[in-house]
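Visitor: Input: one structure, supplied below.
The values are calculated or read from the model by the stated rules, or taken from the named source; none is laboratory data. For clarity, every value in this text was computed on a predicted model and none was experimentally measured. Every residue, glycine as well, gets a Cβ built from its backbone with ideal geometry; the counts of neighbours run over all protein chains shown. Only protein heavy atoms, including side chains, enter the accessible area calculation; ligands, DNA and RNA are left aside. Shrake-Rupley method; radii C 1.70, N 1.55, O 1.52, S 1.80 Å.
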Amino acid sequence: MVASAPAISRRDRLVVWAGPGPASSVTAVRLVRFALAELGPSYRPLGERELVSRVVAELDGVEVSGAFSWMSLPGGPVPYDDAGGPEVGWLGGAAEGEVAALLAGHAPDSYAVPGVAGVRRWAGVRIGGELAAVAADAWSAPSVGLLAGVATVASRRGRGLAERVCRWVSRELVAEHGRAALMVDDDNAAALSVYGRIGYVRRPVLAAHVAA
């Protein structure tokens, strides 16, 4: 099966999955071929690594973009200590300039930035009045909230601020959508550790694209 998801993390995604057995994989490859012909080359196949590797092998002009992980947090209470550190909360629109400056200086490769379509709102924590760490509710769907745009000021790292913000936002997303998820680079060991402690379960995925 395939499902189109336009403008997710700044890309038009074509999510692909298959059931057990080779017949399902063959069908998935055919569906990707059909979907790309209908939707256009801007859509990027995304799915479990073995399946997308087969798509790349069998479709001319489709190449691997990169490997990363999809992490999902099942429904249920997300542990968060309201009194265990600095206060976290949703930031108003007036703080978007601060968020943009923090990301530009400390996480310039973030897909989520203020003003990008689908980036709904930002949460943050302040230390001495300065915005120290942020995370976004971005590209969420009715049945799953997506955590993105996690960043901490370099001089404030190592104090658990990112984990505190992520726990708080995850709790809010699960309360609103029933579950939460995120995408993370495989080489970001610090982020993988934080998300694992919160309870996110990791699934390696592969992204591909139609070569120009």
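Visitor: Any idea how far the Cα center of the range 34-48 sits from the one of the range 179-212, in Å?
Guide: 21 Å
Visitor: Also: Could you work out what % of the accessible surface of the range 5-84 is carbon and sulfur, using a 1.4 angstrom probe and leaving DNA, RNA and ligands out of the count?
Guide: Summing carbon and sulfur atoms, their accessible area is 56 percent of the total for the range 5-84.
Visitor: Right, next: Which value, in Å², gives the accessible area per residue of the chain when a 1.4 Å probe is used on the protein heavy atoms?
Guide: 49 Å²
Visitor: Rounded to the nearest 10 degrees, what's the angle between the helix 96-106 long axis and the longest principal axis of the chain, both from Cα atoms, 0 to 90?
Guide: Tilt relative to the chain: about 70 degrees.
Visitor: Next question. Note down the nm distance, to one decimal, between modelled labels 7 Å out along Cα→Cβ at ARG157 and at ALA211.
Guide: My value for the distance between the label points is 3.5 nm.
Visitor: Treating the angle as unsigned and between 0 and 90°, give the value, to the nearest 10°, between the Cα long axis of helix 189-198 and the longest Cα principal axis of the chain.
Guide: 80 degrees
Visitor: Could you derive backbone 3J(HN,Hα) for the range 140-146 from the dihedral phi with the Karplus parameters 6.51, -1.76 and 1.60 (θ = phi - 60°), listing whole Hz in sequence and x where the residue is Gly or Pro?
Guide: Karplus values, whole Hz, x for Gly and Pro: 6, 10, x, 9, 7, x, 10.
Visitor: Dividing the convex hull volume of the alpha carbon atoms of the range 30-88 by its residue count, what do you get in Å³ per residue?
Guide: 169 Å³
Visitor: May I pose another question? From Cα pairs below 8 angstrom and at least 6 apart in sequence, can you work out the relative contact order of the chain, rounded to a whole percent?
Guide: 28 percent
Visitor: R0 = 30 Å: FRET efficiency of ALA94 with ILE127, Cβ-based, nearest 0.05?
Guide: For R0 = 30 Å, the calculated efficiency reads 0.95.
Visitor: More than 28 angstrom separation, counting every C-alpha pair in the chain; what % is that?
Guide: Counting every Cα pair in the chain, those more than 28 Å apart make up 32 percent.
Visitor: Here's a follow-up. What residues qualify as long-range amide H neighbours of ALA180, i.e. H under 5 Å apart, gap of 5 or more or another chain, H built at 1.01 Å from N?
Guide: It is LEU73, GLY145, by chain and number.
Visitor: Same structure, new question: ASP12's amide H: which non-local residues (gap 5+, or another chain) put their own amide H closer than 5 Å, with H modeled 1.01 Å from N in plane and none for Pro or chain starts?
Guide: ALA7, ARG44
Visitor: Another question about this same structure. Can you tell me the 0 to 90 degree angle between the C-alpha axis of helix 161-177 and the longest principal axis of the chain, rounded to 10?
Guide: Its long axis makes an angle of about 60 degrees.
Visitor: Relative to the present Cα-Cα distance, how much length would full extension add between THR27 and VAL64 at 0.36 nm per residue of separation?
Guide: Length difference between fully extended and current span is 11.3 nm.
Visitor: HN-Hα J couplings of the range 72-89 from phi, Karplus 6.51/-1.76/1.60, θ = phi - 60°, integer Hz, Gly and Pro as x?
Guide: 10, 10, x, x, x, x, 9, x, 8, 9, 4, 9, x, x, x, 5, 10, x
Visitor: Between ASN188 and ALA3, what length comes free when the chain is fully extended (0.36 nm per residue of separation minus the Cα-Cα distance, one decimal in nm)?
Guide: 63.8 nm
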